[in-house]
Amino acid sequence: MGLLDGRNALVFGVANDHSIAWGIAKALHAEGAEVGFSSVESLIERRVRPLATSIGSTFVEPCDVQSDEDIDRVFARWGESHDRLDILVHALAFAKREDLSGSFVETSRDGFGLAMDVSAYSLVALSRSARPFLRPGSSIMTLTYYGAEKVVANYNVMGVAKAALEASVRYLAADLGREGVRVNAISAGPIRTLAASGIAGFKQLYGGFDEIAPLRTNITIEDVGRSAVYLASDLSGAVTGEILYVDGGFNVMGVPTSG
Ligand code: NAD
């Protein structure tokens, strides 16, 4: 018996087998969920479909979350074979490389808008399009990072976008709660992924992490996947609007303890 037997999930954001979205998809599948995928078109055939096939998934649809037409089309396709959606996973973000280094004050209007649109507004757009399929007990989750609340060198515009994303989680939770739908975020510690490689100085961020985090270890996509199962399942049935830290306790530290 899996915790998610009989449930279905739609996961946005797999780029490759290092993606947090893939860690989540594997964990949901291991607990019995049927998993569908959506990613940007250029990744579908070479990267996403082989991974989907490896866990028996056939629903794989392209989507650029900046396009309302793309989003509508994904959910229309979902509706051809499903009458409900139990789990919606939003694990994607984007900012221009030049906005992930140097001074935040140099962020352009264009770069600011792009980061906000892809990384924060897309959660609102996906939740709205998913709404006709959501039922009491359905769970929406997204991925955020500590840089939303404290300054992290070079994270810059993405920190501001994550702050908007976290606020969106709370407003969506308030809107959708009366329909029995829960909305939460996982705040993950640093993990070596394609997106992370775009942040200047990520190596230092990642390298020093296990010396500061109380659990003295780095975070894996499997760690995030297990917590995603909790948020997707009835185990978190009374939890909504929350930011769940999957960071080995890093966020509780004020002055780091050595040794
Ligand atoms: P990743 O590169 O594997 O995934 C990012 C995904 O975003 C990719 O699949 C990419 O195609 C997608 N994406 C970008 N622009 C898009 C668009 N316009 N339309 C649709 N998809 C788009 O990296 P990841 O680290 O697994 O990132 C997943 C999420 O986790 C992101 O929100 C990221 O900010 C967050 N996160 C990452 C870390 C980390 O250290 N890696 C820590 C905390 C939170």
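The values are calculated or read from the model by the stated rules, or taken from the named source; none is laboratory data. These figures come from a predicted structure and were not determined experimentally. Cβ placement follows ideal geometry from the backbone for every residue including glycine, while neighbour counts extend to all protein chains displayed.
Structural remarks
- The set of residues in the range 16-32 being of a type outside the set (D, E, K, R), farther than 22 Å from Arg135 by Cα and surrounded by fewer than 21 Cβ atoms within 10 Å (Cβ to Cβ) consists of Asn16, His18, Ala30.
- Those helices (runs of 4 or more DSSP H) of the range 148-259 in which 2 or more residues are surrounded by 20 or more Cβ atoms within 10 Å (Cβ to Cβ) occupy 156-176, 221-232.
- Meets criteria (more than 30 Å from Pro136 (Cα to Cα), out of contact with any strand residue (DSSP E or B) (no Cβ under 8 Å at 6 or more places or on another chain) and near the ligand (Cβ under 8 Å from one of its atoms)) for Ile191: yes
- Subset of the range 143-155 (residues that are away from the ligand (no atom under 13 Å from the Cβ) and in contact (Cβ under 8 Å) with a residue 24 or more places away in the chain): Ala153
- Index of the failed condition, Gly137 passing every other in (1) crowded, with 17+ Cβ neighbours inside 10 Å; (2) part of a strand (DSSP E or B): (1)
- Options Arg46, Arg77, Arg73; residue that is within 14 Å of the ligand (Cβ to nearest atom), touching a strand residue (DSSP E or B) at 6+ places or on another chain (Cβ under 8 Å) and without any contact (Cβ under 8 Å) to a residue 60 or more places away in the chain: Arg73
- Pairs, first small (Gly, Ala, Ser) in the range 125-139, second in a helix (DSSP H, G or I), C-beta under 6 Å, six or more apart: Ala125/Ile71; Ser127/Leu172; Ser129/Ile71; Ser129/Phe75; Ser139/Leu231; Ser139/Ala232
- All positions within the range 198-230 that are at pLDDT below 95 and closer than 21 Å to Lys26 by Cβ: none
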